[in-house]
Each structure stands twice: as C-alpha cells, then as structure tokens.
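Q: Below: one structure in structure tokens.
The values are calculated or read from the model by the stated rules, or taken from the named source; none is laboratory data. Remember, it's a predicted structure, so these values are computed and weren't measured experimentally. Here Cβ is always computed from backbone atoms with ideal geometry, including for glycine, and neighbour counts include all displayed protein chains. Note: areas computed on protein heavy atoms with side chains; ligands, DNA, RNA excluded. Shrake-Rupley method; radii C 1.70, N 1.55, O 1.52, S 1.80 Å.
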Amino acid sequence: MTSSMVRALGVRKSFGDLEVLRGIDLDVAPGQVVCVVGPSGSGKSTFLRCLNHLETLQAGRIWVDGDLVGYEERNGQLHVLPEKRLRAQRAKIGMVFQRFHLFPHKTALDNVMEGPSAVRGMSGADARELAGDLLDRVGMSDRSHHYPAQLSGGQQQRVAIARALAMSPKVMLFDEPTSALDPELVGEVLGVMKDLAADGMTMVVVTHEMGFAREVGHDFVFMDDGVVVERGTPADVLGAPQHERTAAFLSKVL
Amino acid sequence: MAQPDIASTVEDRPDLTIDATHPPRPGRWIGAGLTAFALFWLGWTIAVNPNLHWDVVVDYQFYPVILEGLWVTIQLTVISMVVGVALGITAALMQLSESRVMRFAAAAYLWFFRGTPLLVQLIFWFNIALIFTELSIGVPFGGPKLATWETNAIVTGFVAALLGLSINEGAYMSEIVRAGLQSVDPGQREAAQSLGMSRVQVMRRVVLPQAMRVIIPPTGNQFISMLKTTSLVSVIAGADLLTVTQRLYLENFEVIALLIVASIWYLVMTTLASIGQHFVEKHYGRGYGTSVPLRSRITRNLTIDRRKS
C-alpha cells in the first residue's frame, strides 16, 4: 500500500437510492498532479470529499500517505476511527473548496493562522510568521488584514489555499477551485496552483480548466455517472480520447 | 437648455447641479400640522393636569423602597437571562442532536413552556409546594435521603420568579440559538473539519462566532423584553419594581404618580440596554460591514413587543 500518496479502491457512495460513486479506483504517486474531469453530477466532487472523509463510503477503501482513511482494521474487522485520529488524518490533507469557505469573521491572516494555532498548537508568534510567509507565497501579503468580504473571489481563493497549506499537508485536494470565479480572476488562482505543483506538492484537482490539466497535470481522469471512464496522460486523453463519452464531453468544453 | 458639451464637468458647469423645487405636497403639510398640534395638545394636557401629581413623581423617583424594587428587577432580569441563555443553548444543541431521545426531550420542553402562559407558569412555581412538599438530595425512587428541606423555605417569591422566568426564557432562547446555528453555511463546518479541528473547536472557533451575529440581536430584544416581563412577578409578590410600586400606592393612593415613577425607571433600563446592545452587535458584526445606527436602535427596541404571556 505504500509508494502511493493517495490510493482509492472500489469506492462506492450513495445518497439514498442514488448511487453517486460506483466503484472508483485511483492511484496518485507522491508529487503527482491528477486532474479529475467530468460533467456535473458525475460524482467527481463527491469522490474528492470521500478522500478526507467529509463523506462516508458505502464500500471501498481509501489510503492517504499509507493510512486507511476513516477506519482501522483489527483482526479482520473494520472499526470507525476515533475522532482524534480522524482529525490527525484530515490535518495531513489540505482541501480547497469551490466557494472558498474562508471564515468570514476573521481576517486573511487569522484565517491562515487558524489551523496552525488551533490544531497544531503553534504559538501565536510562530503561527503569525508562518501565515505571513504563506500569504506572501500566494501573493496576498498586502491584504493580510482584510476580511474575506473585502477581497475578490480570486484573492479569497488564494487565501484559502494558504490556509490549507498552513497545515503542511501531504496532499492537496482542489474541488473546482476556479468555478466560482469571474473569468479574469481564474489566472491568478491557477498561477498559485502551478507554483505549488512545481514545488512537488501531490494534488488531486477537480476542474474544468483543460489548459491547466494539459500544462500541469501528470494524470488525467475522466469520470461520468459515478465511474472512471478513461484515464491517461492529459496529452493522450485530450488529444485522442478513446471513449465516446470522453470525446463527447471534451468536444463541448474545449 | 441646449445639451451641453459632453466633456464639461460639474466644476466648469455649475449650472448643471440639481437644485430643483418640488411640486406642493399639501397632504404632507396638513398631516405634519395635525400631528404637531396633537403632540402639543397631549403634552399640554399632561403638563397642566393637576391629577398627575408631578411633585409626587419627583418625591418618589429615588425613594429607597422604589430603588430596592428596581434592584430586584435588575437581578431578576440578569439572572433569568443568563440561565435562560444557558438552557437555550443546551436545548438548541439537543434539538440538533442526532439522538432521537435528545430531540424528543428538547421538543417536549419547548412545547410545554411556549405553549402555556408565563403568568400561569409563575403562579405554578410559586405554589410548587402543593405538589412537592419537601425537596431532598438522595437516591431516587424512595431510596435513602442525604438531606431534606421544606419546599416553602426554598422556593420564595424571588426563587419562584427566577424559576418561572428563566425556564420560560430558555424555551424561547432555544429557538433563537438554533436559528443562529443553522444560519451558518455548512461549508464553514467542512472547512474547519478539513483543517483537522475537533467538534468542540469547530463549534467554538468557527460556528458560534458566526451564529452570534444572528443570535445577538434577538437576544438583546429578549433582554429588553425581560426587563418589562419581570413586572409579571408582582402577582407572586416578587418584590420587583412593580410590586413595590403597587404596595406604595395601596398605602398612599398616588396610583398614577407612582406608575409614572416605575415607568420612568423601565424606560431608563430599556434605553441603557439598547445602547449596550448596539455595541455588542457592532463587535459581532466584524467582517460584515453592517450596523444599525444607535438612535434608531433605541427607538426600535422600545417598540418591539414580546410574543409570550
């Protein structure tokens, strides 16, 4: 089970009678960027939320950094992980949301400090320094004392990325990080994500940005109707899709 | 006027500033005139009415017995609100619990205490000794008792008032707290969880501070209502401001003058509470850029009425 940073086997998830994920496998090596693409309702966001146990599975197994996510196996019996250990797992997995979800009652700096000081128990001064460095890294140091409502969507998303990075995650999950942005703001967020990939961060990115997938992605996964239809290098899949459904979808978005 | 050159600005074209006269609005003038007359007439009749005994009002405004009643009213309000908020938070969390037993208990509490008049509840608590003649600490269901008290010795008018007011308040606060907690975007919880925060941290650091924005304004209104609702305890000899006022006017028959004395104190308290509310809300409104001006806050609060009793 080692050597992969993220491994998912036969992941199934239903909401009531609706089966959203019907057996998803995924393997992400350390430092790899995997782009997950598919029409809305294909289950890609749900799958991403399963990776850090925001959703519980009906079947399947997920390992992140070698740990089984959400459960432990003792004597062949699966046990729900105690909250404390689930929290430790989540702390290693950074998540960036489509709608940012910055804490509106805290400034940009306080948002980034929140994880280190609340979860990692870092001192105020250290957390402040770390948060300052991270805001600098995403180009937001001049806005560190602004509240989220005073920032543009692109700026909020960059702060949200810094907030996730503050936990020193082993892997970063991006759930359509640019879908809620005005077109002219998409570039600044993708720029930060490119830098992150260049620094060797393992990333799973649910996106509609084919340019980003082509340029930055190592692996391209096309999902539809709760299954992985096709996977390969971005150049291969985007250049010569093997399945009809992939081709049909790509012809609409490219 | 000919259309001016498009490049001209207000600076070089002062004739473009709008300083227009309005067509006559007779309805507004007549209405304002009648209202002003009515206000003046009302003030005049009050000022010159010999039955109001303004001199008595002045004499009794700071009368020690009145001040003692005022102090009891303040104590009743503050303690009932503190206990009521604590009960409300507990009941709200129970309402949102995944346990069916918890949800049922909370629903039963709300159903009972919001479904019966506060006045009835107060009289009930005052007469609780008729059901439970003594209170004791020990093993339930007839087991040994460590200590026992006469109910009447413990549940005085003041205690009965506190029980009635705070338990009733808790039922109303529960709904306010629940609405506040539910107003917070579920994404906030998820963002906090994905950072690795514990349930308690998510609640304390992320959800509650945002819920407070929704919880504080109606809670301030509840506090202001409570200042006035405490007057109900006069029926169980609660020794509050209205109780002592009534006792005084039953002796000296200065009914109106003494009610004015009490009313002035109620107005002072509600006004001060409104000012306090303004600053608390300002604190919790950080990052949202919304604020109600202080003056309209005071007048608005005084007119808001309570649903209960």
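Q: If you scan the stretch B:72-108, which residues turn out to be open to solvent by 50 Å² or more (accessible area, probe 1.4 Å) and polar (S, T, N, Q)?
A: B:75, B:90 - these are the residues of the stretch B:72-108 that are open to solvent by 50 Å² or more (accessible area, probe 1.4 Å) and polar (S, T, N, Q).
Q: What number of residues within the stretch A:47-60 satisfy the criterion of being outside any helix (DSSP H, G or I) and farther than 17 Å from residue A:82 by Cα?
A: 3
Q: Those residues that are within 14 Å of another protein chain (Cβ to nearest Cβ) and among the acidic types (Asp, Glu), I need them from the stretch B:188-244; list them, please.
A: B:190
Q: Check whether at least one residue in the stretch A:88-111 is part of a helix (DSSP H, G or I), among the acidic types (Asp, Glu) and under 25 Å from residue B:183 (Cβ atoms), and report yes or no.
A: yes
Q: Which condition number in (1) touching a residue at least 12 places away in the same chain (Cβ under 8 Å); (2) farther than 24 Å from residue A:139 by Cα; (3) surrounded by fewer than 21 Cβ atoms within 10 Å (Cβ to Cβ) is the one that residue A:170 fails?
A: Looking at each condition in turn, residue A:170 falls short on (2).
Q: Looking only at the stretch B:24-52, which residues are over 34 Å from the mean Cα position of the chain (by Cα), surrounded by fewer than 10 Cβ atoms within 10 Å (Cβ to Cβ) and not β-branched (Val, Ile, Thr)?
A: Residues satisfying the conditions are B:24, B:26, B:27, B:28, B:50.
Q: Another question, if that's okay. Can you name every residue in the stretch A:160-208 that is of a type in the set (Asp, Glu) and within 13 Å of residue A:32 (Cα to Cα)?
A: Residue satisfying the conditions is A:199 alone.
Q: Something else now. In the stretch B:195-230, how many residues are without any contact (Cβ under 8 Å) to a residue 40 or more places away in the chain and of a type in the set (Ser, Thr, Tyr)?
A: 1
Q: Any chance you could count how many residues in the stretch A:129-155 are over 17 Å from residue B:195 (Cβ atoms) and either surrounded by 16 or more Cβ atoms within 10 Å (Cβ to Cβ) or more than 13 Å from chain B (Cβ to nearest Cβ) (or both)?
A: 18
Q: So which residues in the stretch B:249-287 are open to solvent by 50 Å² or more (accessible area, probe 1.4 Å), closer than 23 Å to residue B:209 by Cβ, more than 14 Å from chain A (Cβ to nearest Cβ) and touching a residue at least 60 places away in the same chain (Cβ under 8 Å)?
A: Of everything in the stretch B:249-287, just one residue is open to solvent by 50 Å² or more (accessible area, probe 1.4 Å), closer than 23 Å to residue B:209 by Cβ, more than 14 Å from chain A (Cβ to nearest Cβ) and touching a residue at least 60 places away in the same chain (Cβ under 8 Å), namely B:280.
Q: Another one. Restricting the search to the stretch A:46-65, which residues are open to solvent by 20 Å² or more (accessible area, probe 1.4 Å), away from chain B (no Cβ under 12 Å) and not β-branched (Val, Ile, Thr)?
A: Result: A:57, A:58, A:59, A:60, A:61, A:63, A:65.
Q: A follow-up question, please. Given the conditions (1) open to solvent by less than 60 Å² (accessible area, probe 1.4 Å); (2) without any contact (Cβ under 8 Å) to a residue 12 or more places away in the chain, and given that residue B:66 satisfies all but one, which numbered condition is not satisfied?
A: Unmet for residue B:66, out of (1) open to solvent by less than 60 Å² (accessible area, probe 1.4 Å); (2) without any contact (Cβ under 8 Å) to a residue 12 or more places away in the chain: (2).
Q: Output the residue which, of all residues in the stretch A:93-119 that are more than 8 Å from every other protein chain (Cβ to nearest Cβ) and open to solvent by 50 Å² or more (accessible area, probe 1.4 Å), is farthest from the chain's Cα centre (by Cα).
A: Step by step, filter the stretch A:93-119, then rank; the result is A:110.
Q: What's the total number of residues in the stretch A:1-38 that are within 25 Å of residue A:216 (Cα to Cα), assigned to a loop (DSSP other than H, G, I, E, B) and either without any contact (Cβ under 8 Å) to a residue 12 or more places away in the chain or open to solvent by 10 Å² or more (accessible area, probe 1.4 Å) (or both)?
A: 8
Q: Go through the stretch A:45-90 and count every residue that is within 13 Å of the chain's Cα centre (by Cα) and on the phi < 0 side of the Ramachandran plot.
A: Adding up the residues that qualify gives 11.
Q: Looking at residue A:161 and the list (1) under 17 Å from residue B:206 (Cβ atoms); (2) open to solvent by less than 40 Å² (accessible area, probe 1.4 Å); (3) more than 8 Å from chain B (Cβ to nearest Cβ), which single condition is not satisfied?
A: Going through the list (1) under 17 Å from residue B:206 (Cβ atoms); (2) open to solvent by less than 40 Å² (accessible area, probe 1.4 Å); (3) more than 8 Å from chain B (Cβ to nearest Cβ), residue A:161 breaks only (1).
Q: It is to be established whether one or more residues within the stretch B:142-151 are within 14 Å of another protein chain (Cβ to nearest Cβ) and charged (D, E, K, R).
A: No, the stretch B:142-151 contains no residue that is within 14 Å of another protein chain (Cβ to nearest Cβ) and charged (D, E, K, R).
Q: Can I ask one more? Between A:70, A:124, A:76, which is loosely packed, with under 14 Cβ neighbours inside 10 Å, more than 8 Å from every other protein chain (Cβ to nearest Cβ) and in contact with a helix residue (DSSP H, G or I) (Cβ under 7 Å, 6 or more places away or on another chain)?
A: Criteria check complete, one pass: A:124.
Q: Touching a helix residue (DSSP H, G or I) at 6+ places or on another chain (Cβ under 7 Å) and either more than 14 Å from chain A (Cβ to nearest Cβ) or among the aromatic types (Phe, Trp, Tyr) (or both), is that true of residue B:125?
A: So residue B:125 passes the test.
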